[in-house]
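Novice: Take a look at this one; I'll ask things after.
The values are calculated or read from the model by the stated rules, or taken from the named source; none is laboratory data. The shown structure was predicted, so the numbers you read here are calculated from the model rather than taken from an experiment. Using ideal geometry, Cβ is built from the backbone for each residue, glycine included, and neighbour counts are taken over all protein chains shown. The area values use the complete protein model at the heavy-atom level, side chains included, leaving out ligands, DNA and RNA. Shrake-Rupley method; radii C 1.70, N 1.55, O 1.52, S 1.80 Å.
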Amino acid sequence: MSLTRLFFFHINVWLSPVSQTLLPPLPQCWWASADLQQELYHHLAAYVPRIFLGRGEGNSREEQKEELACQLLLLAPLEWLLLGEDPASGLALLQENNCPSALCGHVFKVGEPTYSCRECAADPTCVLCMQCFLESAHRQHRYRMTTSGGGGFCDCGDTEAWKNAPWCQKHARVDGHTEEDPVAQLPPDLITRAYRVFFIILKYAVDLLTWEQEDQLPAGLEPPERADTYFCVVFNDEVHTYEQVIYTLQKAVSCSHKEALSFATAVDREGRKSVRFGDFQFCEQAKSVIVRNKSRQSKPLRVQVMHSSVVAHQCFALKTLKWLGQIIKYSDGLRRILCQVGLQQGPEGENSSLVDRLMLNDSRMWKGARNIYHQLLMNSVLMDLKFKKIFAIQFAKNYEHLQNDYVKDDHDREFSITDLSVQMFTVPSLGRMLMVEENLMTTIIRTFVDHLRHRDVHGRFQFDRYTAQQAFKFGRVQSLIGDLKYVLISAPSEWSDSLRVKFLEGFDAVLDLLTCMQGMDPVVRQVGQHIEMEPEWEAAFTLQMKLTHIISMIQDWCSTDERVLIQAYRKCLSALTQCHGGLLDGEPPVSLSMAGHCVETFRYQVSQDKVSIHLPVCRLLAGLHVLLSRTEVASRFPEQLPLGELSPHLLIELPLRCLVLCAQVHAGMWRRNGFSLINQIYYYHNVKCRMEMFDKDIIMLQAGASMMDPNHFLMMVLSRFELVGPDCSGSGLPHRDFVQQNTLIEEMLHLIIMVIGERYVAGVGQVEPLEEVRREIIHQLSIRPMAHSELVKALPENGNKETGLERVIDSVALFKSPGVTGRGLYELRPESFKHFNLYFHHYSRADQSKAEEAQKKLRRQRGDDAALPPPLPPPLCPLFGSLVNLLQCDVLLAVESAVLQWAMEPGGGGWTESMLQRVLHLVGMALLEEQQQLENSSGEDHVTFNYTSRITCPGEAPTSSGSILALLETLQNAPHLEVHKDMITWILKMIRNIKMIRERTSSASSIPVSPGGHELMREKEKAERKRKAEMARLRREKIMAQMSEMQKNFINENKEMFQQSGEEMGVSTVDFPSLELTCASQVCVGPRRVGGSERRQQVICILCQEEQEVTGVGQAMVLAAFVQRSTVLSRNRHWRDPPPVATSCTPAAGRARSLCSSRYFEAVQLKEQRRQQRLRGHNSYDVENGEFLCPLCECLSNTVIPLLPHTYDSCCLLSADHLSLEAWLKKTSQQVESLNSAPRKHPFSISICEMIITFSMSVYKVGLKTNPNEQDHRVPVLSWSTCAYTIQSIERLLMDEDKPLFGSLPCRQDDCLSALTRFSSACWASSCMFCAAVLLPDPPVENAPCILHVDMFHLLVRVFAPPTCLSAGSQVTDHVHLLHLITVAHMVQILLTSEAAMDQDSGATEEEELTCQLYSTLRKHLGSVLPDVSSGWQLLHRLKVGLLPFLRAAALFFHYLNSSGQVPVSGRSITHCETRCLCRYRWCHHPALKHTLQGGGDFIRFPRESNRLIDLPEDYSVLINQASSFTCPRSGGDKSRAPTLCLVCGAMLCSQSYCCQVEVDGEPWAAGGGVCGWSLMVSVSAGEGRGIRRSVISC
C-alpha cells in the first residue's frame, strides 16, 4: 500500500504542483456513503479537469502520463468499486467462470476481409470473419470475399443467418447444451454493484455526450476552482476540403502549414480538435475569424468555444464508454446487466432510456463520440437477441426522426446510428416482427416519399429544378431504399394474417411511390433548333436503379402466397387505371382499317406529343401478370381476378410508346434533344435497368397481345410507329426521308420478333427459371469467347448479388485455360450453337453485327451454309398461348408480302436488306412453330396453326399479287439477293418438310407422326454439301498445280535474273550456305567479319500514308519514343543518397515524316489551347512538357528518334597487316597526347540534322533536368548513355523472362534499338580523352576514373558508336583490340568484385588454370585486398556468369550497329600473354582501387542481380487482413482507410492521405510515415515520380 500511495503522491504532484497532495478516497468509503452517485461525481469533478487539462497536447510523453493518470486515478477505482476486490484477480475469475455466447460477435475493422457463403448464407449481408471462415464448412463451398467498411460483426453462430453449418469449429455447440441465464451465474453482491455502477457511469457518459451548454456542467460535476481556461474547438463535416480547413486555421490561429495540417488530420479522424487554448476572449477571437472565412458555396466550419472542464469531462465520458466495452467482454452476465441498464425506460416515459437518449441525439455528437458508442452498442445490445429485439422496436418507433436527422446531417452514413439498421432489419424474424408490430415497411416508404417534395402539377416527381444542396439531400435520402431492401431481402415461407395485412399496406405505399414516378421527366421531340439546355435525367434513373431490386423482391414476396398475389394484382391494376385516367380526355376515337380488319383507337403521335420512359406501375403489373401464369393462379382462381376489367388497348399503350421512342431515336429523329435522351435510352437497355424496364415492357406487350385480336394489336403497333394513318395509308403522317422510314420499319419488325419469340421467362414460356440465364450466356458467348468477369458484368444481378452464372456455365460453355493473354476464356459448346437467335432482344446493334459475323464464320468452318435460322422456341404458357396467332394473322402476312414485293426491285429505295432479313426471320419462326405443333400433336384436328396453307394459296393471301411462297421462290434466284439465298433456301425446304408431315399425317392419322421425313431431308442436304465441298477441294488442287507449274517455267526462263538477285542479297537461291560461311557470318568484329550490302528500307508515314525510303538525304523519317530518367537497374536503396540516374528510351509504333510529326504535335498543342480549362478532363499526357500520344498505338511519347540509313563499311572485308595487341597498345599510348577532339560534320540533309538535334536535346533536357544547350560537351555522352542503358534494360528483361536474345523482341523494341544504335553512330563528338583515361592509364591522365566506377558496356558504346579515334593501325585492328581491351577490363571488374563461394573439387582444365593465373596477377598488384581462392572452377564460374550479360548486350549492340552478326565473336581468342600485358597496366595501381575494395566506397558487384518486386501471398485475403491491421504511424494509432503496399520494399503506407506525406524538394510525397524510404526514392528518382504500389483494399 505504501508503494501505491507513493505513486499517487507523484501523480498528484504532477497534476497540481503548487497544491497540497490529494489522495483518492477508497471505494469502500463510497459504498458507505448514502449517495454513491454524489461521491463519484465529487471525485470526478476534482480529478477529471486536472488530468485532461490539455497542457501536453502534441507531446507524446505528456499524453502517456495523462493516460496513466486516468487509469490509476479514475478507472482503477471504478473497477475496485465494481468488483469489490483487486481488479486483476476479479477480472480473471470472471473470465474463467464465463460461458461465452455461441455468437462470435467479432466487430470488423475498416478494410478487414469478410466471407459470405453463396450457398448457405440467408442473404449477402451474412458474413464470417477470417478465423471463423477458415474453421467452417463454408470454406469448401462457393463463397464471396469482400472488405468491410467497418462497424459490422461476424454472424458465426446466428442460426437465422445460415441455411446450413451456422457454427464454425470454434463456436460449435455441444449436443444437449441448454442456454442458461448468464446473470444467474454471477454472485448476488456483484450483480447489485454492477447495476448501480453501470447506471451511474452510463448516465454520466450520456449526460456529457448530449450536453449542449458550452460553459456549464451538469449538477454535481462543477470543479472546486473554476479557472478562466477555454478551448476553441473545430468540428468535422463532410463539406469542407482539407485545403479549406488548413487555410482557415492558418489564418485564424496563426500556425504553420504543418501545424494546420496536423489539426485538420485530427479533426477528420476524431471529429473535433481544439486549435487554441487560453482565456475566453482569446478563443472567441479565433472563432470569429473561422466563422467569417467561408466560401459562397458552403457554410462556415462549425466551431465552439468551450470551457476546459466541459471538454475534459467529455473526453473522460468517451473513456468510460470504452471501459464499459472492455469490462463486459469478461462476462456475458455483465453484458446483459449493461443492456438492461441502458434499455430500461426512465420515469419520463417513452424514449427516456439511456440508449434512447444517445440514439436520438446522434446527429449532435462528433464523429469520435459516435464511433465509440456505436461500438459499445455492437458489443452489448446487438449481441443478445432479446435486447436486440427491444432495441429494434425503439429504433423502428423513432425511424422517421432518426432518418430526418441523418438527412439534415452532413456526416457519412457509416458515422450515423441509422447505419445499424442492417444489423436488425436483415434478421428475418426481427424484420417481419417489425413489419407487423411497427408497420416498418410503410414507415420506410412514407418517410422516403416525404423527403421528395418537388412535384409537377400531376403529382409526379420533378428533379430538373434541384439545387446542389437538394441534390446532396437526395443522395442521402436514397439510403432509406437500402433499409427497405434489408427488410424484404428474405421472402417468408409461411404467412400469417397480420403479416399479409401489413405487407399489403406496405404494397399500397409502394404503389403510391411508383405512381409519383409514373410518367415523370416527359420529353417532347425538339423541332427546328437544338435544345438549349440539357434537362436533368440522372436523378430519375438513379431512383429507378435503386428501386429495381426492391420491385423484384416485392414480386418474390407475392409469389410465395396466392392470396397476397391476387390482392397485389388487383391493387396494381387499380393504380394503373388511375394513371390511365388522363389518356382519353378530350380525344375523339380514330378508326384504323387494314387487310379487312378495323379497330378504334385515339390519336397520338410519339414524334409530336409528350412521352416518358418511366412507367414503373405498368411494369410492376407486367411482373405480377407473369406470376399469375407461373403459379397457375390465373387458371385455378379466375373468379378472384379482375381479368374481365382489363383493357388490352390501354395495357399496351404506354409500353408501346416507350419502345417507339427508342425506335425513333435509333432512326435519328430526336437528334435535337441532345445527349440526355440518348443516355436515357442507353440505360433503358442497360443491364442495370433493363430487367424492370425494357424486359417488362416486352412482357406487357405480350400480355396485351395475348388478350386481343392479333390483327388489332399489329394495327395499333403500326399506328404508334407512324407507319400508317387513319386511312391505313401514309396520309396525315409527318414527312420523313427513306432512311428514317426504313429504320422505323426495321424496328417495328424487330419488335414483333421480340413479342413473339421472347418466351424464356418462366411464366411466359414453359421453361425452367435458369433457362433465361443459360440463354443470356449463350448469346454473349456467340459474340466472342469471354472471361468470367465479362460474363458477370453482362448478366443482371438479383437482390442477393447472384447472377446464376456458375449453375449453368458448365452446361453451355467450355473453359479455355489462360494462354499468352493471361486470362482464361469461356467458349461456347458446339451443341449450343443451335440456340443462337440473331434477334436476341438484349443485343445492341453492334453486338448483333459481331454475333452475326462470328456465327457465319463458324458455319463456314463447319462447311454449313450461311443461313442463320431462328432457334426452336419453347412452348408458351396457357395465359400467353394466343401469341402464336400473330404469326399467321392477316396484317402480318400483308406486311411480309409488301416487303417481299419491294425486294423484287433491286434499285428500289423503299426497302433494305435488314428489313428483308427480319421478314425472313419471321417466316422462319412461323414455320418452326407449325412444325413443332405438328410433331407434338396426335392428329391434324389438334393443330390450329396453319401458316403454310396461308402463304401457299394466292386466294387466301391478304393481297392479290400472288402468294408469299411464290414471292420467295422468285427471290431465291435473284442475283441482288445472293446474301439471303441460303436463308430463303432453308425456308423453302422447311415448307416442303411441313407439307410432307401433313401429307403423312393425313394418310395415316391414327399413326403417331415421326420426324423420319425431316431426318431424311437433313441427310440428303448433308450429302449434297459434302459432294460440293469435295468438288471445291479438287478444283483448288488443280489451280494450285497450275500455279506451281507456271512458277517453275518462269524461273527457268529468267534464270540469270534470279542468280543476280541472289548475289545481291548475299544468299544463294538454290543451295544453303556452308557451315564455314555460317560461322563466319556471325563474326561482327575483326578481319573475318562478313556484313551484308547496304540495304534499302522503305517506310510508310502513318500520318500521310506516303511511302519513303530511309536515306541520308531528303526529308527525315522519325519514330515516336518516350525518354525518361530511370534507376531501375540500380541496387542502391538509400533514400538520402540516391543513385546516379540514367536515361532510357521506350518506343512507340508510329513512324512518320518529320514534317508530318511536327504538324501533328502543333495540332495537339493547338487543340489543348482551344479547350476551356473547365472542360479539360484528366489526360495521360502533359502537352506543356512536350508529351503527346502516338497517333498509331496511343503510347505516351515526348520525342522522336530519326531513322538513319545503315551504311556498310567495305573496309571490314579488306585484308591488312594486323598489329599484335602489345604493339598496338604501345603505339596507341604514344598517340594519346595528340588526340584530336574536333567534331566532324554530319553527312546528312538539313532535315535529318534537325531531327538529330531534336532528339539529342530531348535526352539532354530529361537526363540533366536543365534547359537545352547544343554546345554542351555532354550532349553526345547522354545520347550514347541512353543507347547503352536501353540495351542493358532490354537484355535484362529478356534474361529474367528466359527468352532468347534474338527473335523474341516486339517490332517496337526492335525498331527502337535499330534507330538508337544508328543514331549513336551519328554523334561525331570524340570521346578519345575519356577512353584513353579509362583504357590506357599509362601514361597517367588527370582525374582518370577508377576501373570499378566505369560501366564497361557504356564505354563499349562510346568507343564503337562514333568512328574510332584511338587509331594505331587499320580499322579492323583497332576494333579487335578495343573489344579485347574492354572485355578484359570487364573481366578484371568481375574478379575484383565477385564474392567468395564454396569450393568445388574437380579436375583443373586449361581455362581454369588460365583464370587462376589471371587472378594471381591481380593479387600480386593489390596484395591482401583480394582473398586467396584456390579453386579455378570457382573463378571460372564467376567469370562466365558475370561476363554473360556484357556479351549479350554487346551482341545486341553489334547486331543493330552492323546488321550482321548475332554474337560479338572477334577474329581470335585472347592469349594469356595478352592478359598479362593488359594487367600490367595501371588499372590495379589506381589510388582509389584499394581504398574502394577495402570498404571506402560503393561499387557494383558482379554478377549484377536484378531488382525484383516483392512476393505476394498466394491467398490474397492474408494480405487484406494484414492491411486491415495496419495503423498509420502518424495518426495516433488510427486505422488507415486506404492502406497501400509498396511492391518494391513491402512496406505498408497510407494512400491519398495527408497524414503520411513528407516533403521532398518542396513537393509532398506519400512516404508511409517514414517507413518506406526506398519506395519514396523510387518514386522521386527512378521515374519522375512514378512508384509501384498496390491498393490493397480497393482491388
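Novice: Counting only residues that are farther than 27 Å from residue 890 by Cα and small (Gly, Ala, Ser), give me the helices (runs of 4 or more DSSP H) lying completely in the stretch 565-678 with at least 2 of them. If you could, list the steps in order and put the result at the bottom.
Specialist: Details: elements: 616-630, 633-636, 648-666.
Filter on the stretch 565-678 gives 616-630, 633-636.
Novice: Being open to solvent by 50 Å² or more (accessible area, probe 1.4 Å), within 30 Å of residue 35 (Cα to Cα) and β-branched (Val, Ile, Thr), is that true of even one residue in the stretch 192-210? Can you show your working first?
Specialist: Applying the first criterion (open to solvent by 50 Å² or more (accessible area, probe 1.4 Å)) to the stretch 192-210 yields 192, 195-196, 199, 203.
Subset that is within 30 Å of residue 35 (Cα to Cα): 192, 195-196, 199, 203.
Applying the additional criterion that residues be β-branched (Val, Ile, Thr) yields 192.
Yes - at least one qualifying residue is present in the stretch 192-210.
Novice: Residue 205: free of Cβ contacts under 8 Å to residues at least 40 places away in the same chain and hydrophobic (A, V, I, L, M, F, W, C), yes or no?
Specialist: Details: free of Cβ contacts under 8 Å to residues at least 40 places away in the same chain: no; hydrophobic (A, V, I, L, M, F, W, C): yes.
So residue 205 does not fit the description; no.
Novice: Separate question: Can we say residue 838 is modelled with pLDDT of 90 or more and touching a helix residue (DSSP H, G or I) at 6+ places or on another chain (Cβ under 7 Å)? Talk me through it step by step, then tell me what you get.
Specialist: Working: modelled with pLDDT of 90 or more: yes; touching a helix residue (DSSP H, G or I) at 6+ places or on another chain (Cβ under 7 Å): yes.
So residue 838 passes the test.
Novice: Continuing with this model, one more query. Scan the stretch 315-350 residue by residue and report those that are in a loop (DSSP other than H, G, I, E, B) and more than 16 Å from residue 374 (Cβ to Cβ).
Specialist: Applying the first criterion (in a loop (DSSP other than H, G, I, E, B)) to the stretch 315-350 yields 328-331, 344-350.
Those that are in a loop (DSSP other than H, G, I, E, B) and more than 16 Å from residue 374 (Cβ to Cβ): 329, 330, 331, 344, 345, 346, 347, 348, 349, 350.
Novice: Hey, any hits in the stretch 1455-1470 for a residue that's at pLDDT below 70, open to solvent by 40 Å² or more (accessible area, probe 1.4 Å) and of a type in the set (Lys, Arg)? Even if it seems obvious, please write down each step before you answer.
Specialist: Going residue by residue through the stretch 1455-1470, those that are at pLDDT below 70 are 1459-1470.
Cutting the leftovers down to open to solvent by 40 Å² or more (accessible area, probe 1.4 Å) gives us 1462-1463, 1465, 1468-1470.
Remaining after also requiring of a type in the set (Lys, Arg): 1468.
Checking the stretch 1455-1470: at least one residue is at pLDDT below 70, open to solvent by 40 Å² or more (accessible area, probe 1.4 Å) and of a type in the set (Lys, Arg).
Novice: Only one of these is without any contact (Cβ under 8 Å) to a residue 40 or more places away in the chain and farther than 24 Å from residue 689 by Cβ: 831, 827. Name it. Please lay out each step first, then the result.
Specialist: Working: 827 fails: without any contact (Cβ under 8 Å) to a residue 40 or more places away in the chain.
The match here is 831.
Novice: Regarding the stretch 145-165, can at least one residue be identified that is under 30 Å from residue 1519 (Cα atoms), touching a residue at least 12 places away in the same chain (Cβ under 8 Å), of a type in the set (A, V, I, L, M) and open to solvent by 20 Å² or more (accessible area, probe 1.4 Å)?
Specialist: yes
Novice: Among the helices (runs of 4 or more DSSP H) confined wholly to the stretch 223-295, which include 1 or more residues that are crowded, with 18+ Cβ neighbours inside 10 Å and free of Cβ contacts under 8 Å to residues at least 24 places away in the same chain?
Specialist: Details: elements: 242-253, 257-270, 280-292.
In the stretch 223-295, 242-253, 257-270 are the helices (runs of 4 or more DSSP H) which contain 1 or more residues that are crowded, with 18+ Cβ neighbours inside 10 Å and free of Cβ contacts under 8 Å to residues at least 24 places away in the same chain.
Novice: Being open to solvent by 10 Å² or more (accessible area, probe 1.4 Å), within 27 Å of residue 379 (Cα to Cα) and either in contact with a Leu (Cβ under 8 Å, 6 or more places away or on another chain) or in contact (Cβ under 8 Å) with a residue 40 or more places away in the chain (or both) is the requirement here; does residue 319 meet it? Walk me through how you get there before you give the answer.
Specialist: Details: open to solvent by 10 Å² or more (accessible area, probe 1.4 Å): yes; within 27 Å of residue 379 (Cα to Cα): yes; either in contact with a Leu (Cβ under 8 Å, 6 or more places away or on another chain) or in contact (Cβ under 8 Å) with a residue 40 or more places away in the chain (or both): yes.
When the stated conditions are applied, residue 319 passes them.
Novice: Moving on. Residue check: is residue 886 within 28 Å of the chain's Cα centre (by Cα), at pLDDT 90 or above, surrounded by 15 or more Cβ atoms within 10 Å (Cβ to Cβ) and assigned to a helix (DSSP H, G or I)? If you could, list the steps in order and put the result at the bottom.
Specialist: Details: within 28 Å of the chain's Cα centre (by Cα): no; at pLDDT 90 or above: yes; surrounded by 15 or more Cβ atoms within 10 Å (Cβ to Cβ): yes; assigned to a helix (DSSP H, G or I): yes.
Judged against the criteria, residue 886 is not a match.
Novice: Before we move on, is residue 378 open to solvent by less than 10 Å² (accessible area, probe 1.4 Å) and under 30 Å from residue 304 (Cβ atoms)? Even if it seems obvious, please write down each step before you answer.
Specialist: Numbers: open to solvent by less than 10 Å² (accessible area, probe 1.4 Å): yes; under 30 Å from residue 304 (Cβ atoms): yes.
Against the criterion (open to solvent by less than 10 Å² (accessible area, probe 1.4 Å) and under 30 Å from residue 304 (Cβ atoms)), residue 378 qualifies.
Novice: Same structure, new question: Filter the stretch 85-99 for residues that are outside any helix (DSSP H, G or I) and loosely packed, with under 15 Cβ neighbours inside 10 Å; which is nearest to the chain's Cα centre (by Cα)? Give the steps one after another, and end with the answer.
Specialist: So the first thing to find is which residues in the stretch 85-99 are outside any helix (DSSP H, G or I), and the list is 85-86, 98-99.
Next cut, loosely packed, with under 15 Cβ neighbours inside 10 Å only: 85-86, 99.
On the way: 85: 57, 86: 55, 99: 45 Å.
Once the filter is applied, the top-ranked residue is 99.
Novice: Looking only at residues that are of a type in the set (Asp, Glu) and modelled with pLDDT of 90 or more in the stretch 889-912, which one is farthest from the chain's Cα centre (by Cα)?
Specialist: Initial filter on the stretch 889-912 (of a type in the set (Asp, Glu)): 890, 896, 905.
If we keep only those that are modelled with pLDDT of 90 or more as well, we get 890, 896.
Details: 890: 52, 896: 47 Å.
Filtering the stretch 889-912 for residues that are of a type in the set (Asp, Glu) and modelled with pLDDT of 90 or more, the one farthest from the chain's Cα centre (by Cα) comes out as 890.
Novice: Can you list residue pairs whose Cβ atoms sit under 6 Å apart, with the first residue in the stretch 422-447 being in contact (Cβ under 8 Å) with a residue 60 or more places away in the chain and the second being assigned to a helix (DSSP H, G or I) and among the polar types (S, T, N, Q)? Count only pairs 6 or more apart in sequence or on different chains.
Specialist: These pairs meet every condition: 436/498.
Novice: Before we move on, is residue 897 farther than 30 Å from residue 646 by Cβ, of a type in the set (S, T, N, Q) and surrounded by 20 or more Cβ atoms within 10 Å (Cβ to Cβ)?
Specialist: Values: farther than 30 Å from residue 646 by Cβ: yes; of a type in the set (S, T, N, Q): yes; surrounded by 20 or more Cβ atoms within 10 Å (Cβ to Cβ): yes.
Taking the combined requirement at face value, the residue satisfies it.
Novice: Residue 789 versus (1) under 37 Å from the mean Cα position of the chain (by Cα); (2) open to solvent by 30 Å² or more (accessible area, probe 1.4 Å); (3) touching a residue at least 24 places away in the same chain (Cβ under 8 Å): which is the lone unmet condition?
Specialist: Residue 789 satisfies all of (1) under 37 Å from the mean Cα position of the chain (by Cα); (2) open to solvent by 30 Å² or more (accessible area, probe 1.4 Å); (3) touching a residue at least 24 places away in the same chain (Cβ under 8 Å) except (3).
Novice: Under 7 Å between Cβ atoms, at least 6 apart or on separate chains: pull out the pairs that start in the stretch 1258-1275 with a residue that is in contact (Cβ under 8 Å) with a residue 24 or more places away in the chain and end on any residue that is among the hydroxyl-bearing types (Ser, Thr, Tyr).
Specialist: Sorted first by the residue in the stretch 1258-1275, then by its partner, the pairs are 1258/1199; 1259/1143; 1259/1279; 1259/1282; 1262/1143; 1263/1143; 1275/1256; 1275/1260.
Novice: Quick one: which helices (runs of 4 or more DSSP H) sit completely within the stretch 399-463 and have at least 3 residues that are surrounded by 17 or more Cβ atoms within 10 Å (Cβ to Cβ) and among the hydroxyl-bearing types (Ser, Thr, Tyr)? Please lay out each step first, then the result.
Specialist: Working: elements: 399-408, 421-425, 428-437, 440-451.
So the answer is 440-451.
Novice: Here's a follow-up. Check whether at least one residue in the stretch 1533-1542 is at pLDDT below 70 and open to solvent by 80 Å² or more (accessible area, probe 1.4 Å), and report yes or no. Give the derivation first.
Specialist: Here is the first cut: in the stretch 1533-1542, the residues at pLDDT below 70 are 1533-1537.
Checking which are open to solvent by 80 Å² or more (accessible area, probe 1.4 Å) leaves us with 1537.
Yes, the stretch 1533-1542 contains a residue that is at pLDDT below 70 and open to solvent by 80 Å² or more (accessible area, probe 1.4 Å).
Novice: Assess whether residue 50 counts as being in a helix (DSSP H, G or I) and either at pLDDT 90 or above or open to solvent by 80 Å² or more (accessible area, probe 1.4 Å) (or both).
Specialist: no
Novice: Out of the stretch 766-786, which residues are open to solvent by 40 Å² or more (accessible area, probe 1.4 Å), free of Cβ contacts under 8 Å to residues at least 24 places away in the same chain and either over 23 Å from residue 921 (Cα atoms) or touching a helix residue (DSSP H, G or I) at 6+ places or on another chain (Cβ under 7 Å) (or both)? Write out each step before concluding.
Specialist: Filtering the stretch 766-786 down to residues open to solvent by 40 Å² or more (accessible area, probe 1.4 Å) leaves 766, 768-772, 774, 784-785.
Next cut, free of Cβ contacts under 8 Å to residues at least 24 places away in the same chain only: 768-769, 772.
Matches in the stretch 766-786: 768, 769.
Novice: Quick one: is residue 312 at pLDDT 90 or above, buried (at least 17 other Cβ atoms within 10 Å of the Cβ) and more than 16 Å from residue 372 (Cα to Cα)?
Specialist: On the way: at pLDDT 90 or above: yes; buried (at least 17 other Cβ atoms within 10 Å of the Cβ): yes; more than 16 Å from residue 372 (Cα to Cα): yes.
So residue 312 fits the description; yes.
Novice: Right, next: With 490, 496 as the choices, which residue is within 24 Å of residue 619 (Cβ to Cβ) and either surrounded by fewer than 17 Cβ atoms within 10 Å (Cβ to Cβ) or of a type outside the set (A, V, I, L, M, F, W, C) (or both)?
Specialist: On the way: 496 fails: within 24 Å of residue 619 (Cβ to Cβ).
Matching residue, one of 490, 496: 490.
Novice: Just the residues that are more than 20 Å from residue 515 (Cα to Cα) and small (Gly, Ala, Ser), please, taken from the stretch 624-657.
Specialist: 629, 634, 635, 644
Novice: Any residue at all in the stretch 37-45 that is open to solvent by less than 30 Å² (accessible area, probe 1.4 Å), modelled with pLDDT of 70 or more and charged (D, E, K, R)? If you could, list the steps in order and put the result at the bottom.
Specialist: Going through the stretch 37-45, the residues open to solvent by less than 30 Å² (accessible area, probe 1.4 Å) turn out to be 40-41, 43-45.
Still in the list and also modelled with pLDDT of 70 or more: 40-41, 43-45.
So of that shortlist, the ones also charged (D, E, K, R) come out as none.
The answer is no, given that none of the residues of the stretch 37-45 is open to solvent by less than 30 Å² (accessible area, probe 1.4 Å), modelled with pLDDT of 70 or more and charged (D, E, K, R).
Novice: Right, next: With respect to residue 509, is the statement that it is touching a residue at least 60 places away in the same chain (Cβ under 8 Å), hydrophobic (A, V, I, L, M, F, W, C), open to solvent by 60 Å² or more (accessible area, probe 1.4 Å) and closer than 30 Å to residue 410 by Cβ true?
Specialist: Working: touching a residue at least 60 places away in the same chain (Cβ under 8 Å): yes; hydrophobic (A, V, I, L, M, F, W, C): yes; open to solvent by 60 Å² or more (accessible area, probe 1.4 Å): no; closer than 30 Å to residue 410 by Cβ: yes.
The answer is no for residue 509.
Novice: May I pose another question? From 502, 473, which residue is open to solvent by 30 Å² or more (accessible area, probe 1.4 Å), at negative phi and within 30 Å of the chain's Cα centre (by Cα)?
Specialist: Working: 502 fails: within 30 Å of the chain's Cα centre (by Cα).
Testing whether each residue is open to solvent by 30 Å² or more (accessible area, probe 1.4 Å), at negative phi and within 30 Å of the chain's Cα centre (by Cα) leaves just 473.
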